[in-house]
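Notes for the one structure printed next.
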Amino acid sequence: MLKNLSPLLSGALLSALDAMSDGETLTLVGSGYPEDQITTPVVHLGDDVTTEAAAEAILSVFPLDTEDASPIVFLDLAAEPYDVPDVAFAVNGIASDAELRRVPMTRLELDAFVQLARHSAVTVRVGSDAPPCAFLFRRGVL
């Protein structure tokens, strides 16, 4: 293990993050996300890892795009404009803390989200979320 580095950042995950180019996206999905929709290389962090813990580890080393008005997209299954899942609020707070700025997020319905996720550089899968939960993070310049 490296000093001051989350133990969730495995060699496989760090290698995948390092190989990403500016502007590429990473998809973070929970256990409820349709597995047959994942078309990119997958790094599985474990069944006991939460989305929030994974986001905190990833965003501690992953710069978000500052040119994109919304560098984070989340999967919206609620279809209610004022109903934002708790996990989305948590990930938004984690991102804002990591970036030292307010980070806007966009919500997409399943079909539009899956279309974008298919073009991600890597998919990070966690196993503790019961409802489908997913995020896209657009990489920026460090």
Task: Residue that is farthest from Glu99 (Cα to Cα), among those in the stretch 29-74 that are among the aliphatic types (A, V, I, L, M) and touching a Lys or Arg at 6+ places or on another chain (Cβ under 8 Å) - done: Ile38
Task: Where Pro63 falls short, out of the listed (1) of a type outside the set (A, V, I, L, M); (2) buried (at least 18 other Cβ atoms within 10 Å of the Cβ); (3) modelled with pLDDT of 95 or more - done: (2)
TODO: Return the pairs, sorted by first residue and then second, in which the second residue is surrounded by fewer than 19 Cβ atoms within 10 Å (Cβ to Cβ) and of a type in the set (Asp, Glu), the first residue lies in the stretch 100-124 and is in contact (Cβ under 8 Å) with a residue 40 or more places away in the chain and within 16 Å of Ala55 (Cβ to Cβ), the beta carbons are less than 8 Å apart, and the residues are 6+ apart or on different chains.
DONE: Ser120/Glu24
TODO: State whether the residues of the stretch 71-80 include one that is modelled with pLDDT of 90 or more, assigned to a helix (DSSP H, G or I) and within 14 Å of the chain's Cα centre (by Cα).
DONE: no
TODO: Check off (1) of a type outside the set (Gly, Ala, Ser); (2) surrounded by 14 or more Cβ atoms within 10 Å (Cβ to Cβ); (3) farther than 22 Å from Ala12 by Cβ for Leu136 and give me the number that stays unchecked.
DONE: (3)
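Would you mind stating whether Asp47 is of a type outside the set (Lys, Arg), over 18 Å from Ala90 (Cα atoms) and at pLDDT below 90? Show your work before the answer.
Working: of a type outside the set (Lys, Arg): yes; over 18 Å from Ala90 (Cα atoms): yes; at pLDDT below 90: yes.
Against the criterion (of a type outside the set (Lys, Arg), over 18 Å from Ala90 (Cα atoms) and at pLDDT below 90), Asp47 qualifies.
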- [ ] Kindly indicate which of Ala88, Ala112 is surrounded by fewer than 18 Cβ atoms within 10 Å (Cβ to Cβ), assigned to a helix (DSSP H, G or I) and either of a type in the set (Lys, Arg) or at pLDDT below 95 (or both).
- [x] Ala112
Task: For Asp76: the one exception among (1) in contact (Cβ under 8 Å) with a residue 60 or more places away in the chain; (2) closer than 22 Å to Arg118 by Cα; (3) not β-branched (Val, Ile, Thr) - done: (1)
Open item on the list: Checking Asp18 against (1) touching a strand residue (DSSP E or B) at 6+ places or on another chain (Cβ under 6 Å); (2) of a type outside the set (A, V, I, L, M); (3) without any contact (Cβ under 8 Å) to a residue 60 or more places away in the chain; (4) under 20 Å from Val122 (Cβ atoms): exactly one of these is not met. Which one?
Closed with: (1)
Task: Contacts under 7 angstrom Cβ, first residue in the stretch 51-70 being more than 10 Å from Leu8 (Cβ to Cβ), partner polar (S, T, N, Q), 6 or more apart - done: Ser70/Thr106
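Please tell me if Glu24 is touching a residue at least 40 places away in the same chain (Cβ under 8 Å), surrounded by 13 or more Cβ atoms within 10 Å (Cβ to Cβ), under 13 Å from Phe137 (Cβ atoms) and more than 14 Å from the chain's Cα centre (by Cα).
Values: touching a residue at least 40 places away in the same chain (Cβ under 8 Å): yes; surrounded by 13 or more Cβ atoms within 10 Å (Cβ to Cβ): yes; under 13 Å from Phe137 (Cβ atoms): yes; more than 14 Å from the chain's Cα centre (by Cα): no.
It is false that Glu24 is touching a residue at least 40 places away in the same chain (Cβ under 8 Å), surrounded by 13 or more Cβ atoms within 10 Å (Cβ to Cβ), under 13 Å from Phe137 (Cβ atoms) and more than 14 Å from the chain's Cα centre (by Cα).
The values are calculated or read from the model by the stated rules, or taken from the named source; none is laboratory data. From a predicted model like this one, the values you see are computed outputs, not experimental measurements. A quick note on method: Cβ atoms are made from the backbone with ideal geometry, for glycine too, and the neighbour counts reach across all protein chains shown.
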